[in-house]
Amino acid sequence: LSIFYLSFIVLYIHTSFIILLYYASCFHVSCSILYFFFFFFLMIRRPPRSTLSSSSAASDVYKRQVLHTACTGPVAGWHWQPIEACLYGIRRIGRFVSNQENVVLPKLFQLLAQLPRHHLLSYTTILVVGGYADWVSSHPEYLGDLLKFVTSRLNDPKVCGAACLSIRNLCDACRDKMVDSMADLVALFDAVVSFPSSSTQDQKEVLQGVCCVMSQLPSDQLLQSMQGLIQKPAAPLMAMLQQNAPDGNSAGKLLQLIAAVFQHVSIPEQDWGNQHPSISLMQHLWPVFDQLLDKFANHEHAVEDVCRCIKYILKSARLHSRELFPIVAPKMVLAFKQTALCSYLDVAATFIAELAHDPGLHSDLGQMVQELTAKGCEVLANPQAFTDNPDLVEDFFELIKRTISRTPTVLLMRSYAPYLLSSFQCAVLGMDIEHRDASRAVLSFIENFVDLAIPEETKLDPAAIQQFHTLVTEIFKQCGDKMVGQLLKTATDGRSANKLARIGRIIRKILVVMPTGGMELVAAVLKQVPSLPNLEKERFYNELNQSVGMPRDEGDPTFARIISDYSHSCRIAMRQSGQ
């Protein structure tokens, strides 16, 4: 209650002061006296600085005053409202309480089972337990009773969410002390999944906590434990495959739980002998995933959930995912060609990220990217397609950008040259898309590719840089006028400072790679901007030309300013001409 009264007093003082200032301004009363009273009250209500330190005596007194109501007095006749208010205060000051505190909190946690059984009080009490999980880790003798208290409230639909969150916090903070209870935790998760009152998010909270503890298991127990955890959501998924018209949303919820296991169980990097645990599990799950992708081929969200599972399995397996590439990659390519759903591109990008360090797979990765690029350019064949499919635009160019950054030598494959040109022509079509993330992906793809031809922007060897210099120059000979024209048009329409700065960097880098040819492209584009006065065109051209040789640290902000000024001038000219 002390916290409640203190907060009320502070709010009252601040509100009163604002009202006083209003009336003072209305009646032209001097504010100096009001300011004096304001700061006088402010200093009175302000607790000493020492109260923010968990090690000071003043802080201990302050916290014990807040906790006093909850820890003293007879239980009989207690009303839940004042207790709940006090517990809320305890929760709010939790970050100031030392994990070594051993006077108040032990008394408080011993009283929890005796508190009135009201759902609002239970909700706050359970959140207090979860909020002090680090304290419980330092006092493990309370862990069993507190965990029992929290789990006893799981069947109450009004507090189930808070209970699941607190279980996750306890498992996270006390993971090393709960390893011996792994079987009980798996059984707890199975029970939570069975509760009709638990949502998918509640189940994921508990599952994340169980995974934190599972990560502490010895390596020889990890595979079996993960199998037991996955079995609960996997069994109904297998049953769905026997149905003529399974529910995609129900399947998606189960797939989210499977994905969470691979996302949150930390598998150590070591010599796993015959097979990595994630690979072993994937070999059992892949037939299910394969059939689900066929059954839900046109159900975008279900496909996304399946692909999310595959993605986390690949991330968990890391370089071991090369064992899955011959099985999974062809399915992703075929499914993308049939449906053009962007989730398949996300899986392909994960393969690029995890297998980039294996040069022996670069050729296979390049073939996968080629086929996906061909289909992506086919779908994004006009500006309207970009507007209708912003997620596809983002994932498509993110895939090519990741290929550029992780496996750039793939771009030098003779067979990939036509697809790279198609990608640039595709980027020109959609550069001015209004979707923020899609636009960023398109511009980042162009910038990252030009970077490969600039020594200070890449770590490639000189021979590869020279090859990319030739490749960039050749591409800009074929579509450079449209590229630069679209960049300047996008700058004209752009209002975002970050977007204009990125366009400025791209133009600077184009001029670094091909100074003369780049300025010729700029001059040709400016001739096609009728609304901009010739004097402004000349000023813009000269500023660019004079700034070409600047070093990167000085050139990037300079070009950002030049492009911003150009954008501003174009908008003014268009308003004046009535466009």
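Structure notes:
- Among the residues of the stretch 177-202, those identified as polar (S, T, N, Q) and open to solvent by 20 Å² or more (accessible area, probe 1.4 Å) are S181, S194, S197, S199, T200, Q201.
- Annotation: of all residues in the stretch 537-574 being of a type in the set (G, A, S) and without any contact (Cβ under 8 Å) to a residue 40 or more places away in the chain, the one that is most open to solvent (accessible area, probe 1.4 Å) is G549.
- Per-region count, the stretch 550-579, residues within 25 Å of D451 (Cα to Cα), among the hydrophobic types (A, V, I, L, M, F, W, C) and assigned to a helix (DSSP H, G or I): 4
- Where a residue in the stretch 183-202 is among the β-branched types (V, I, T) and its partner, wherever it lies, is at pLDDT below 90 and open to solvent by 40 Å² or more (accessible area, probe 1.4 Å), with Cβ under 9 Å and at least six apart: V186/K232; V193/K232
- For the stretch 204-224, a residue qualifies if it is within 14 Å of C171 (Cβ to Cβ), part of a helix (DSSP H, G or I) and open to solvent by 20 Å² or more (accessible area, probe 1.4 Å), and the qualifying residues are K204, E205, Q208.
- Pairs with Cβ under 7 Å, 6+ apart, first in the stretch 114-126 and in a loop (DSSP other than H, G, I, E, B), second open to solvent by 10 Å² or more (accessible area, probe 1.4 Å): P116/W78; P116/W80; H118/W80
- Scan of the stretch 114-141 for residues that are of a type in the set (S, T, Y) and open to solvent by less than 40 Å² (accessible area, probe 1.4 Å), ordered by number: S122, T124, T125, Y132, S137
- Residue check for L488: over 19 Å from R402 (Cβ atoms), touching a residue at least 60 places away in the same chain (Cβ under 8 Å) and assigned to a helix (DSSP H, G or I): yes
- Of all residues making up the stretch 491-511, the number that are open to solvent by 20 Å² or more (accessible area, probe 1.4 Å), of a type in the set (G, A, S) and assigned to a helix (DSSP H, G or I): 2
- Note on the stretch 358-416: residues that are crowded, with 17+ Cβ neighbours inside 10 Å, among the aliphatic types (A, V, I, L, M) and at pLDDT below 90 total 2.
The rows are residues; the columns are (1) modelled with pLDDT under 55; (2) more than 22 Å from C174 (Cβ to Cβ); (3) in a loop (DSSP other than H, G, I, E, B).
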| residue | (1), (2), (3) |
| --- | --- |
| S55 | yes, yes, yes |
| P74 | yes, yes, yes |
| G89 | no, yes, no |
| E101 | no, no, yes |
| L143 | no, no, no |
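The values are calculated or read from the model by the stated rules, or taken from the named source; none is laboratory data. Model, not experiment: these values are computed from the prediction. Positions of Cβ are generated from backbone atoms using ideal geometry, with glycine treated the same way; all protein chains shown enter the neighbour counts. Note: areas computed on protein heavy atoms with side chains; ligands, DNA, RNA excluded. Shrake-Rupley method; radii C 1.70, N 1.55, O 1.52, S 1.80 Å.
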